[in-house]
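Student: Take this structure first; my questions come after.
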Amino acid sequence: MAKIRWKRVLARTALALLLIGCSEKSKNPMSPEDGTSPTGLDPFAQNAKLGRGVNLGNALEAPNEGDWDVTIKSEYFDLIKSAGFNSVRIPIRWSAHASTSAPYVIATSFLQRVDWVIAQAFARQLAVVINIHHYDEIMIEPAAHKARFLAIWTQLAAHYKNQPGDLFFELLNEPNSLLASELWNQYLQEAITTIRQTNPGRILIVGPANWYNIGSLKTLTIPADDKSLIVAVHYYNPFQFTHQGAEWVPGSEAWLGTRWTGTLAERQAIQRDFSEAASWGAANNRPLNIGEFGAYSKADMSSRALWTEFVARTAETNGMSWHYWEFIAGFGVYNSMTNNWNYPLLNALIPKTSPALTVASSFRLPP
Ligand code: BGC
C-alpha cells in the first residue's frame, strides 16, 4: 500500500516538475508575458508563427483518445519539431468530456490530458491550435447545444487565459448541416464575446459554415472591430481524389484509382481557389490559415505527394499558414507501422531546398 502511495506522490511531483519546466520554457519569446493573458499580438505575425503545421488528428477528437488507434506520445513532438514544422493543430472532442446539463463541466482528467499535450508542444517551441472538433450534435440541433458550446468556451478560455500567445483557440471545426452560415455567424460572434471576457488579445481562429469550404468564405461574417482573428478554411479538392476509398464518405469506393498528376487544368483549379481566398483575405484585411488539407492513403503515393506539394506551396505563395491533415493515421505523413516518415509526403510539405517560408504580412492593408 505504502509503496503504491509513494509512486503516486512521485508521479504527481514529476508531472508538477514537468509542467513547471514547461512554463519556465514558455518564458521564451513565445510568451509576451508569462502569467497574464496575452495582449498586443499581431494576427499576421502570429499566423506566420503557425507557418507550416500538422494536425494531431484521430487522437483527442475520437470519442476517447485511443479509440481510433492514436494516442499522443511525447516523442511525436520531437519528430514534428525536428522535421521542421512550426506548429501543431490539436483537434479535440470536448463534447464527449463535458456534462450534458448545465453548467456543462469539462472532466478535469481530460482537461489535464490536454494541458499535457499543450505543454509538450510548447516545450519544443511549437505553436499550438486547440479547437472544438466533432461536436456533431450542434450541427443537427444547434439551438439545443448553443449554451453548452458557449459554456465549454467559458471554461476553456478561463483555464487557458494565462497561456502564452502561441496558444490559439479555434472556435468550432467545420460547422455544417443546420448550423448554416446565418446561424453560425451569430454563434461565432457570441463565442468571441464569451472568450474575450478572459482573453482580450488572444488570437482566435474562425472559419465559415459549410465545412470550412474555401468557396464559402464569402458567407462568413466576423466582428469588424476584433482585429485578433485568423480566418481558416480547409482544402480537399478535388474531393474525389483526396477522399477516394474513405470509409466515412459513402460512394467513395467508386473513386479509387483517381490520380492527380498536376496537369495545367488541375493546377489552375487549385490556384483559382486559393487566389479567390487570398483576395477575400486582402479585401477584409485578415490573415488566412489552411487548417486542414490532405489526400487519403488509398490514393497512390505519387499523386498524393504531388498534390500535397502543390497545395502547400500555393498556400505559402498566397501568404497563408497551413496544417497538413494529419500526422499518424489514414492521411499520415508519419507511418506508425514502420515508425518512419512517409518521406514523399514529408518532402512535399517541408522541401529540403526550398526558400524560407513566405507566410507573411504581405496582404496587410493600411489600417
Ligand atoms: C475530420 C476527420 C476527417 C478529415 C478528412 C476532418 O475534419 O475531423 O475525421 O478524417 O476531416 O475528411
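Student: Could you check which residue among ILE118, ILE140, ILE290 shows the biggest mean-square fluctuation in a GNM of the chain with a 10 Å Cα cutoff?
Tutor: Checking each option, the largest mean-square fluctuation is seen for ILE140.
Student: With a/c under 1.5 counting as rounded, go ahead and sort the stretch 100-144 into rounded, prolate or oblate using the C-alpha gyration tensor (a ≥ b ≥ c being the square roots of the eigenvalues; past the cut-off, prolate if a/b is larger than b/c, else oblate).
Tutor: Note, shape of the stretch 100-144 comes out oblate.
Student: Which of the helices in the chain, when you take each full DSSP H run, stretch at least 27 Å along the axis at their Cα atoms and have an average Kyte-Doolittle score of 0.0 or higher?
Tutor: Within the chain the helices that satisfy the rule are 2-25.
Student: Follow-up. Quickly estimate the mean residue ellipticity at 222 nm for the chain, helices only: each DSSP H run with n ≥ 4 gives -39500 (n - 2.57), and the total goes over all residues, rounded to 500.
Tutor: -12500 deg cm²/dmol
Student: Once you keep just the Cα pairs under 8 angstrom separated by 6 or more residues, what percentage relative contact order results for the chain?
Tutor: 19
Student: With +1 on each Lys and Arg Cβ and -1 on each Asp and Glu Cβ, how big is the dipole of the chain about its Cα centre, in debye rounded to the nearest 20?
Tutor: That gives the chain a dipole magnitude of about 1020 debye.
Student: Okay, moving on. Given N residues in the chain, what is its alpha carbon radius of gyration divided by 2.2 N^0.38 Å?
Tutor: 0.97
Student: Using a Gaussian network model on the chain with a 10 Å cutoff between Cα atoms, which of PRO351, PRO208, PRO43 fluctuates the most?
Tutor: PRO351
Student: Say we join alpha carbon atoms closer than 10 Å with springs in a Gaussian network model of the chain; which of VAL231, VAL88, VAL249 then has the biggest fluctuation?
Tutor: Answer for the Gaussian network model of the chain: VAL249.
Here, each number is a calculation from the coordinates, and none is a lab measurement. This is a predicted model, so every value here is computed, not measured. For neighbour counting, all protein chains shown are included, and Cβ atoms are generated from backbone atoms with ideal geometry for every residue, glycine included.
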